Amino acid sequence: PLTAMGGARKTPKNIRIDTSLAKKTSKKWIRLFYCAQTLFYPFFYKEIVFLAKEGKLSLKNLGEVILCSSMTLLTFKHLKAHLEKKEEGPYCIYSYWNEASSYGAALARKDGLVDIVVSRAHGYDVYEERRANNYMPLKRQFAKQLDSIFVLSKSAQEYMHKTYTIPKHILQIAPLGVPLPEK
């Protein structure tokens, strides 16, 4: 997780939860370091070109790209350091939010460190209209690189397919919650 507070829940013996990434993201100097690192990665410039073509290039959006790119890189570099020492896999990365953490996992998959990357998407990480300037950084570049994205509804599936051109076979519908028994 990118953030971790309190004690960990019990998990099955074959599941391990690593909270070391959450410890890194809480340190400002590390985040600043990765903001500078974004200047050395093509996906950062590709996003700027996208913003310019869409007429959305502004200081605020540029700041959003830098922040999202830095968290993507921080996640990727952390996973890379952790997974280069990995035991036999397969390794699956699950991200509860379809944002920087899932994008970093997609980079790890591209590097051959991860076998499967899946993510959940809710509302804030689906609909651009819910974001400042109707813009969601890096979504169009990385979401297509995941194996599955679990959305809450058919309308969210259609929106992500149409808006971000994510293939429908990646977008799975899986509502949150549990079914209630009939009375």
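The values are calculated or read from the model by the stated rules, or taken from the named source; none is laboratory data. What you see is a predicted model, and the numbers here were worked out from it, not measured in a lab. A quick note on method: Cβ atoms are made from the backbone with ideal geometry, for glycine too, and the neighbour counts reach across all protein chains shown. For accessibility, only protein heavy atoms count, side chains too; no ligands or nucleic acids. Shrake-Rupley method; radii C 1.70, N 1.55, O 1.52, S 1.80 Å.
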Surrounded by fewer than 18 Cβ atoms within 10 Å (Cβ to Cβ) and in contact with a Leu (Cβ under 9 Å, 6 or more places away or on another chain), is that true of E84?
yes
Between a first residue in the stretch 109-136 that is in contact (Cβ under 8 Å) with a residue 40 or more places away in the chain and a second residue that is assigned to a loop (DSSP other than H, G, I, E, B), which pairs have beta carbons less than 6 Å apart while being 6 or more apart in sequence or on different chains?
R120/Y96; Y135/K56
Exactly one condition in (1) in contact with a His (Cβ under 8 Å, 6 or more places away or on another chain); (2) touching a residue at least 12 places away in the same chain (Cβ under 8 Å); (3) closer than 23 Å to R109 by Cβ; (4) surrounded by fewer than 20 Cβ atoms within 10 Å (Cβ to Cβ) is not met by L152; state its number.
(3)
Given the residues V114, V118, which is the only one that is over 14 Å from the mean Cα position of the chain (by Cα) and buried (at least 16 other Cβ atoms within 10 Å of the Cβ)?
V114
Set S148, S102: member being over 27 Å from R31 (Cβ atoms), modelled with pLDDT of 95 or more and not basic (K, R):
S148
Candidates L74, L51, filtered to the one that is in a helix (DSSP H, G or I), out of contact with any Lys or Arg (no Cβ under 8 Å at 6 or more places or on another chain) and surrounded by 16 or more Cβ atoms within 10 Å (Cβ to Cβ)
L51
What are the pairs, 6+ residues apart or on separate chains, where a residue within the stretch 83-107 that is touching a residue at least 12 places away in the same chain (Cβ under 8 Å) and over 10 Å from S119 (Cα atoms) has its Cβ under 8 Å from a residue that is of a type in the set (D, E) and open to solvent by 30 Å² or more (accessible area, probe 1.4 Å)?
G89/D115; P90/D115; Y91/D115; C92/D115
